[in-house]
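First the structure, in the form of structure tokens, and then the observations on it.
The values are calculated or read from the model by the stated rules, or taken from the named source; none is laboratory data. Model, not experiment: these values are computed from the prediction. Please note: Cβ atoms are built from the backbone with ideal geometry, for glycine as well, and neighbour counts cover all protein chains shown.
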Amino acid sequence: MRYQISGKQIDIGAALQTHVQTELGEVVGKYAQRPTDANVVFSRSAHEYVCETTVHLSTGLTAQAKAHATEIYAAFEGCCDKMETQLRRYKRRLKDHHKDRSEPVELFGASSYILASDESDTATEPDSLQPMIVAEMETKIPSLSVGEAVMQMELAGAPVLVFRNENKDGLNVVYRRDDGNIGWIDP
């Protein structure tokens, strides 16, 4: 597994990097057989340290965890515990959904845009109906089944996930509804 351990305006020592690699490797290795890479970022928020961890699995799933603590090692341990809880919760589903999958999930490139919010006075007419684009970036669209897409959305903690339905070869959307249920758009 490839590790990318970094700090935002914090020096990360060799001892912390070694600790992160061994502990995270044990947790992820216990519940996921084929992790590909892990990204761990440490930062400060006032008096607390923040640890954000993202682990990409070869099955196409992405598990994310974030924790705060007054000490940097405690922040990592909290983050590692959350990651272990997520992976343990989905262990059976990961095995059931991906036992027949011999290759990693296929990803397709797409453009992603961030549009400016309209905070101006609603009484005035806009100059144009075209929204102002704040940022433009590349994103990946995975080819998944509906069950895998719901699992990926829950693991990532995202409110919505766009994916390519591998059974129908069309773009689909799963999203979390206000009532707590999951919605699925299949055009």
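On inspection, residue 31 passes the criterion of being hydroxyl-bearing (Ser, Thr, Tyr), more than 22 Å from residue 14 (Cα to Cα) and crowded, with 17+ Cβ neighbours inside 10 Å. Residues in segment 149-176 that are modelled with pLDDT under 85 and either within 20 Å of the chain's Cα centre (by Cα) or of a type in the set (D, E, K, R) (or both): 151, 152, 153, 154, 155, 156, 157, 158, 166, 168, 169. Of all residues in segment 135-148, count the ones that are under 14 Å from the mean Cα position of the chain (by Cα), surrounded by fewer than 20 Cβ atoms within 10 Å (Cβ to Cβ) and of a type outside the set (D, E, K, R). Selection size over segment 135-148: 2. Restricting segment 55-70 to residues that are of a type in the set (Val, Ile, Thr) and assigned to a strand (DSSP E or B), the residue that is surrounded by the fewest Cβ atoms within 10 Å (Cβ to Cβ) is 62. Restricting attention to segment 4-47, and to residues there that are within 28 Å of residue 90 (Cβ to Cβ), of a type outside the set (S, T, N, Q) and assigned to a strand (DSSP E or B), which single residue is modelled with the lowest pLDDT? So the residue we want is 35. In segment 167-186, the residues that are farther than 11 Å from residue 149 by Cβ reach residues that are assigned to a loop (DSSP other than H, G, I, E, B) and charged (D, E, K, R) with C-beta atoms within less than 6 angstrom, at least six apart or across chains, in these pairs: 183/177. Inside segment 36-54, residues that are loosely packed, with under 14 Cβ neighbours inside 10 Å, touching a Lys or Arg at 6+ places or on another chain (Cβ under 7 Å) and of a type in the set (Gly, Ala, Ser) make up a count of 0.
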